Amino acid sequence: MMPGRDIQRRATPADTDALSDVHPVLARVYAARGASSPMDLELPLSALLPVRSLGGVEAAAALLEAHRESHVLVVGDFDADGATSTALMLRVLRQFGFASVDFLVPNRFEFGYGLSAPLADVALGMAPSLVITVDNGIASHDGVARLRAAAIDVLVTDHHLPGETLPDANVIVNPNNPGEQFRSKALAGVGVAFYVLAALERRLVAAGAPQHRGVTARYLDLVALGTVADVVPLDRNNRILVHAGLRRIRELKACPGVLALLADAGRDARRCVATDLGFGAGPRLNAAGRLEDMSEGILTLLADDPGAARRRATALGAINRDRRDLQQRMQEDAREALPATDSNRELPDCVCLFQSDWHQGVVGLVASFLRERCQRPAFAFAPGDGDELKGSGRSIAAVHLRDLLAAVDARHPGLIARFGGHAMAAGLTLARHRFDDFRAACNDTLAVLYPDAQFGEAWLSDGELADTELTIEMAEELREAGPFGAGFDEPLFDGLFRVENARQVGDTHLKLRLTTATSASPIDAIAFRQAEHLPLPLGCWVKVVYRLDVNEFQGIRRAQLIVEQLERVAGQT
């Protein structure tokens with residue numbers, strides 16, 4: 001068993017008087033995340049960064065309007081961000097009266113990522129006058145060139161980091177373009193699409209179509225889902241978008257497909273929070289792109305009939321269960337492939353694993369598992385086409401993953417066939433016989449670029465909760481205090497507990513009843529995928545890193561600890 005991560009308590013400003021209107025626990029949570037005044041907690045749409053401040057949106061709106069009577073093709077991506085971006089673009093353009101709007105999304109097993117040249121050939125067969133990329137395109141030089149050579153206009157909307165050169169599109173909108181002054185670099189692909197459509201809406205309204213005012217904002221549920229599912233940092237701008245989308249979901253004004261995905265996940269839309277999107281609806285969308293075809297996910301989001309949306313969501317739920325089973329098997333393979341060690345310091349700085357029977361649609365999840373377990377950058381690879389390997393990487397805050405791959409590519413030309421991504425996640429392709437070369441090159445380059453990188457990320461805790469705070473009331477307040485997510489982390493606490501009961505549930509989960517040193521009133525706890533801790537003697541003491549959440553069963557709501565880490569404390573009785 002790998003050693004647990006250290007626990008580091010967040011620094012909280014001594015003076016939180018400005019947040020005196022909220023519970024002291026919330027005041028310290030907010031203050032530790034940089035919110036120092038009530039204004040920081042207010043998330044009105046009016047506080048969004050101005051639409052015009054994102055470079056290229058005005059030119060994009062003009063290009064879109066010029067093709068209003070033509071055939072427009074939206075080229076998406078095969079993850080939840082790409083699916084929501086595609087659905088948002090189609091729904092809004094159709095509401096704006098565009099004559100013909102269709103979509104094309106690559107099957108990852110046939111075309112790979114983005115607007116590749118082969119996918120551009122498929123697009124040409126659909127005879128569009130304008131192709132719009134969403135959540136991709138910034139690295140699609142060949143595909144864009146193929147379309148432009150055929151006199152097809154191209155609008156690229158993306159948020160991924162560009163390479164040294166940009167594709168030759170008519171217009172590119174990307175908050176991460178060189179020289180771009182937009183103040184939120186964290187927009188997801190669906191956020192970029194939202195800004196482009198908001199600019200088009202303003203243009204149409206200004207031209208004498210007041211009926212289009214507010215159309216784009218009607219689909220903020222899609223923006224919220226894609227933003228949360230893509231795990232982009234929730235800066236204030238993204239929090240505003242997510243907050244507004246959650247409000248529409250709670251009011252049951254969301255697209256039928258979003259409501260159906262939540263229902264299939266057993267989540268109550270009327271009480272929806274960001275984690276319901278990230279762990280309920282999002283994985284069902286992503287499963288379609290991982291194992292089959294993301295077209296099914298997009299069609300779910302485009303469904304207007306609730307019955308049809310439910311049927312599609314049910315099918316996606318079944319695919320997601322298959323994904324979960326496959327992921328569990330692959331993670332067990334990865335666990336067994338790691339060297340047996342009592343210290344993470346004995347592991348390579350970058351963990352790279354490949355197995356010939358792994359599924360390329362799930363390697364990203366395995367990379368996430370390895371990153372969390374080993375507390376360092378990790379790559380997982382599966383067979384691709386022919387002699388290729390398809391890999392996915394996940395990183396820690398200290399290492400920018402795309403920069404690492406770019407440096408490997410520069411130091412070892414030809415080693416990596418293709419790569420792309422951003423700071424925390426990236427994908428790549430290489431020849432199977434070059435796997436060992438890549439593993440060595442990646443570790444060598446990491447040592448050069450980050451000689452002082454500290455591995456073994458600590459849990460950032462918001463401290464300990466008192467007995468009087470381990471309540472359903474506090475759990476409800478924390479649940480409503482978001483939206484939380486990457487960059488505005490969900491509250492996490494730590495404490496010492498006595499084990500009153502411990503048993504395995506399901507194949508890998510650990511169910512506990514715990515008490516504190518000063519209270520005999522037990523509280524339930526669940527530790528997902530941590531049954532390896534058994535047996536736990538009754539009466540032993542454990543140090544727990546946890547989230548305080550609400551567990552609802554048969555209409556009864558109770559406080560429950562969601563255990564992130566559990567370690568037995570020696571010498572306690």
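The values are calculated or read from the model by the stated rules, or taken from the named source; none is laboratory data. This is a predicted model, so every value here is computed, not measured. Note that we place each Cβ from the backbone using ideal geometry, even for glycine, and neighbour counts take in every protein chain shown. Surface areas here come from the heavy atoms of the whole protein model, side chains and all, with no ligands, DNA or RNA. Shrake-Rupley method; radii C 1.70, N 1.55, O 1.52, S 1.80 Å.
Entry note, region 419-573: relative contact order of 19 percent, from Cα contacts under 8 Å with a spacing of 6+ residues. Estimated purely from DSSP H runs of n ≥ 4, each contributing -39500 (n - 2.57), the mean residue ellipticity at 222 nm for the chain is -11000 deg cm²/dmol once divided by its residues. If R0 is 56 Å, the Cβ-Cβ spacing of A62 and L415 corresponds to a FRET efficiency of close to 0.85. Shape analysis of region 349-411 based on the Cα gyration tensor places the equivalent ellipsoid semi-axes at 20, 16, 8 Å, largest first.
Find out how many positive minus negative residues lie around A502, taking Lys and Arg as positive, Asp and Glu as negative, among other residues whose Cβ is under 9 Å from that of A502. In short, +2. Of the two radii for region 258-349, the radius of gyration is 1.16 times the Kirkwood radius, both from the alpha carbons; that is the Rg over Rh value. Ligands, DNA and RNA left out, the 1.4 Å accessible surface of the chain is 49% carbon and sulfur atoms. Here's the picture: charge each Lys and Arg Cβ at +1 and each Asp and Glu Cβ at -1 in region 463-573, and of I472, V563, N501 the one pushed furthest to the positive end of that dipole is N501. Highest mean first, the peptides 102-112, 116-126 sorted by other C-beta atoms within 10 Å per residue fall in the order 102-112, 116-126. Distance between the C-alpha centers of region 317-332 and region 212-234? Whole Å please. With region 317-332 and region 212-234 each reduced to a Cα centre, they are spaced 27 Å.
For region 83-88, the Karplus equation 6.51 cos²θ - 1.76 cosθ + 1.60, evaluated at θ = phi - 60°, returns couplings of 5, 5, 4, 5, 4, 4 Hz by residue, with Gly and Pro reported as x. Report note on the peptides 144-155, 504-515: ranked by the mean count of other C-beta atoms within 10 Å, highest first, their order is 144-155, 504-515. As a length-normalised measure over Cα pairs under 8 Å and 6 or more apart, the relative contact order of region 332-404 settles at 28 percent.
The packing ranking of peptides 426-438, 254-266, highest mean first, is 254-266, 426-438, where packing means the average number of other beta carbon atoms within 10 angstrom of each residue. By its C-alpha gyration tensor, with a ≥ b ≥ c as the square roots of the eigenvalues, how is region 404-447 shaped: rounded for a/c under 1.5, else prolate for a/b larger than b/c, else oblate? It is oblate, given that a/c is not under 1.5 and a/b is not larger than b/c.
Since only V156, V215, A145 are under comparison, the one whose Cα sits farthest along the positive direction of the charge dipole of region 129-247, derived from C-beta charges on Lys, Arg, Asp and Glu, is V215.
Taking the DSSP beta bridges in region 115-198 as the whole, what percent of them are antiparallel, to the nearest 5? Can you show the working numbers first?
Details: 0 of 8 bridges.
Approximately 0 percent, going by the DSSP bridge assignments.
Between the alpha-carbon centres of region 460-530 and region 119-168 there is a gap of 48 Å.
Considering only the Cα atoms of region 165-233, their convex hull presents on average a projected area of 5.9 nm². For the chain, the relative contact order works out to 12 percent when only alpha carbon pairs closer than 8 Å and six or more residues apart are counted. Where a ≥ b ≥ c are the square roots of the eigenvalues of the C-alpha gyration tensor, would you call region 226-306 rounded, which needs a/c under 1.5, or, failing that, prolate if a/b is larger than b/c, or oblate? Since a/c reaches 1.5 but b/c is at least a/b, the shape of region 226-306 is classed as oblate.
State to the nearest 20 debye the size of the charge dipole of region 314-420 about its Cα centre, where the only charges are +1 on K and R beta carbons and -1 on D and E beta carbons. Could the numbers behind the result be given before it?
On the way: 14 positive and 15 negative charges, 78 e Å.
About 380 debye.
The amide H of V75, built 1.01 Å from its N in the peptide plane, has L104, I132, T133, V134 as neighbours under 5 Å, considering only residues 5 or more places off or on other chains.
Compute the Cα gyration tensor for region 212-271, then decide on rounded, prolate or oblate, letting a ≥ b ≥ c be the square roots of its eigenvalues: rounded whenever a/c is under 1.5, prolate when a/b is larger than b/c in the other cases, and oblate in all that remain.
Details: a/c = 1.91, a/b = 1.16, b/c = 1.64.
Note, shape of region 212-271 comes out oblate.
Taking amide hydrogens as placed 1.01 Å from N in the peptide plane, the amide H of R418 sits under 5 Å from those of T429, each at least 5 positions away in sequence or on another chain. Computed from Cα positions, the angle between helix 401-411 and the longest principal axis of the chain comes to roughly 70 degrees.
Hey, can you find the accessible area per residue of the chain for me, probe 1.4 Å, expressed in square angstrom? Could you put the intermediate results ahead of the total?
On the way: 23710 Å² over 573 residues.
Result: 41 Å² of accessible area for each residue.
Computed 3J(HN,Hα) for region 56-68, one whole-Hz value per residue from the Karplus formula 6.51 cos²θ - 1.76 cosθ + 1.60 where θ = phi - 60°, is x, 5, 5, 5, 5, 4, 5, 5, 4, 4, 5, 10, 5, glycine and proline marked x.
With a Förster radius of 30 Å, plug the Cβ-Cβ distance of I556 and A458 into 1/(1 + (r/R0)^6) and report the FRET value to the nearest 0.05.
Details: r = 36 Å, r/R0 = 1.19.
Computed FRET efficiency for I556 and A458: 0.25.
Between amide H atoms placed 1.01 Å from N, distances below 5 Å from V101 occur with V72, all of them 5 or more places distant or on a separate chain. Listed values for region 356-365 are Karplus-derived 3J(HN,Hα) couplings in whole Hz (6.51 cos²θ - 1.76 cosθ + 1.60, θ = phi - 60°), namely 6, 9, 6, 9, 5, x, 10, 5, x, 5, and x replaces Gly and Pro.
Give me the Debye-computed log₁₀ of I(q)/I(0) at q = 0.11, 0.13, 0.14 Å⁻¹ for region 429-573, equal point scatterers on Cα only, no solvent, two decimals. Summing over Cα pairs of region 429-573 leads to -0.56, -0.70, -0.76.
The trypsin sites (Lys or Arg not before Pro) of region 527-573 that meet both conditions, a loop assignment by DSSP and at most 14 other Cβ atoms within 10 Å of the site Cβ, are R529. Electrostatic bookkeeping for R183 treats Lys and Arg as +1 and Asp and Glu as -1; over the other residues with beta carbon under 11 Å from its beta carbon, the sum is 0.
Using a Förster distance of 45 angstrom, determine the FRET efficiency expected from the C-beta separation of N501 and D349, and round it to 0.05. For N501 and D349, the calculated efficiency is 0.65.
Taken about its Cα centre, region 42-166 carries a charge dipole of roughly 280 debye when the Cβ of each Lys and Arg holds +1 and the Cβ of each Asp and Glu holds -1.
Other residues with beta-carbon under 13 Å from the beta-carbon of H433 carry, at +1 per Lys or Arg and -1 per Asp or Glu, a net charge of -1.
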